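Single-structure report; data block below.
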Amino acid sequence: MIGYHDMGKPVTPDAFAAAGRADLERLPAGQMDAYAGWFGGMEHKGVGRSYAGLSGLIAYMDTVNKAAFPLPFDADPAMVADSFATTRRVYESLSSYGLEVDIPDTPMEVDRHTAGDFMFQNIYPETPRTKVRRILDFGPGVGRQLNIWSRRVPDLCYVGMEAIENSYICQSEYFTRASDLPVTDYVNDPERFEITETAGIYHLPTWRLDKLPWNFFDLVIFSQVLPELGAELIVELLKTLPRILKPGAQLYIRDHDLSWLPGHRYDLDAELPKLGFHLEFRPYFIDRKEIHGIPRVWRRTDPRINYRPVAGG
């Protein structure tokens, strides 16, 4: 029997495939089409296939870390330093296994880019009601969004959700090296997996949206992921957001927009207000020239709060 601490071990391809087969067989037909069809299509295209295991994580990180993304401002040095400390920690961990890696001495492009995301995610002062401690990162890539949050929020509850096998496996390796937070991975023990308020990193496949707790998250991150998703899956996600986000919580989206992509007919600017979200922030930069993906902050409004004028005010 798998022990609790074994749930934090890096995931194997066989374990991921077995969990996927068992879960997808139990899904209703409509959800099967939304999930399995898209996952199969992405795997068929070879998405993530060049990355597997420790060598795959190295290749993944090297690719991401060397990419140059336009940013219209100098990222905050303290934020960049926090991200770099995590990036370097992961490289040092890989080196300790005897793997050939170049441990960076100075911040990389990914650290500057991550600092930009973190700044936009904290663009306004927080209140006790909007304080971020519980994060859902949908399609985490290598896992870089964890870099700064894990250093600035000691009791962080971070949830990473991924569909593609090799990306999932690379994230599993990254999460076990990036911080001292305990890691709980669904694939290693599906029956006992549960997301709780306990600080830690929780990792699960995208097809288990039902495992996301009600009224739980302070921040949901979609960074460069929505344009990659199938239309059916976007519908499932939109239906899920009001259930899992707390009133006052933040939805952070950064991408190149869906409108120009064939097959995508979802105007998020029109659909999100119907779900109780208010567009709080959107900079008017030139995408792909001044910035890589337009960041938007949506806030889930709380209809239960009544603002009453102060007597005599």
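The values are calculated or read from the model by the stated rules, or taken from the named source; none is laboratory data. This one's a predicted model, so the numbers in the text were calculated from it and none came from an experiment. Every residue, glycine as well, gets a Cβ built from its backbone with ideal geometry; the counts of neighbours run over all protein chains shown. Note: areas computed on protein heavy atoms with side chains; ligands, DNA, RNA excluded. Shrake-Rupley method; radii C 1.70, N 1.55, O 1.52, S 1.80 Å.
Between a first residue in region 229-245 that is in contact (Cβ under 8 Å) with a residue 60 or more places away in the chain and a second residue that is open to solvent by less than 10 Å² (accessible area, probe 1.4 Å) and not small (Gly, Ala, Ser), which pairs have beta carbons less than 6 Å apart while being 6 or more apart in sequence or on different chains?
Ile244/Leu212; Ile244/Phe217
From the list Tyr266, Tyr284, Tyr252, pick out the single residue that is among the hydroxyl-bearing types (Ser, Thr, Tyr) and modelled with pLDDT under 90.
Tyr266
When you go through (1) out of contact with any Cys (no Cβ under 9 Å at 6 or more places or on another chain); (2) surrounded by fewer than 22 Cβ atoms within 10 Å (Cβ to Cβ); (3) under 27 Å from Ile58 (Cα atoms) one by one for Phe175, which number turns out not to apply?
Of the numbered conditions (1) out of contact with any Cys (no Cβ under 9 Å at 6 or more places or on another chain); (2) surrounded by fewer than 22 Cβ atoms within 10 Å (Cβ to Cβ); (3) under 27 Å from Ile58 (Cα atoms), the odd one out for Phe175 is (2).
For residues that are assigned to a helix (DSSP H, G or I) and acidic (Asp, Glu), scanning just region 13-28, find the one that is nearest to Glu232 (Cα to Cα).
Step by step, filter region 13-28, then rank; the result is Asp23.
Please state which of the following conditions Arg144 fails to meet, knowing it meets all the rest: (1) closer than 29 Å to Leu238 by Cα; (2) modelled with pLDDT under 85; (3) touching a helix residue (DSSP H, G or I) at 6+ places or on another chain (Cβ under 8 Å); (4) basic (Lys, Arg).
The one condition Arg144 does not meet is (2).
In region 169-197, which residues are within 14 Å of Asp137 (Cβ to Cβ) and of a type in the set (Phe, Trp, Tyr)?
The answer is Tyr174, Phe175.
Kindly list the number of the only condition in (1) out of contact with any strand residue (DSSP E or B) (no Cβ under 7 Å at 6 or more places or on another chain); (2) open to solvent by less than 20 Å² (accessible area, probe 1.4 Å) that fails for Val101.
(2)
Looking at the structure I just gave you, is Asp155 open to solvent by 10 Å² or more (accessible area, probe 1.4 Å), at pLDDT 95 or above, over 19 Å from Arg88 (Cα atoms) and not small (Gly, Ala, Ser)?
yes
In region 131-168, what residues are closer than 10 Å to Ile221 by Cβ and charged (D, E, K, R)?
Asp137
Cβ-Cβ under 6 Å, sequence separation 6+ or interchain: first residue in region 80-93 and over 17 Å from Met119 (Cβ atoms), partner assigned to a helix (DSSP H, G or I) and of a type in the set (A, V, I, L, M, F, W, C). Which pairs?
Cβ pairs passing all conditions: Val90/Ala178.
Select from region 81-98 the residues that are open to solvent by less than 60 Å² (accessible area, probe 1.4 Å) and of a type in the set (Gly, Ala, Ser) and list them in ascending order.
Across region 81-98, the qualifying residues are Ala81, Ser83, Ala85, Ser93, Ser95.
Give the number of residues within region 287-309 that are in contact with a strand residue (DSSP E or B) (Cβ under 8 Å, 6 or more places away or on another chain) and modelled with pLDDT of 75 or more.
10
Check whether at least one residue in region 180-192 is aromatic (Phe, Trp, Tyr), under 26 Å from Lys131 (Cα atoms) and in contact (Cβ under 8 Å) with a residue 12 or more places away in the chain, and report yes or no.
no
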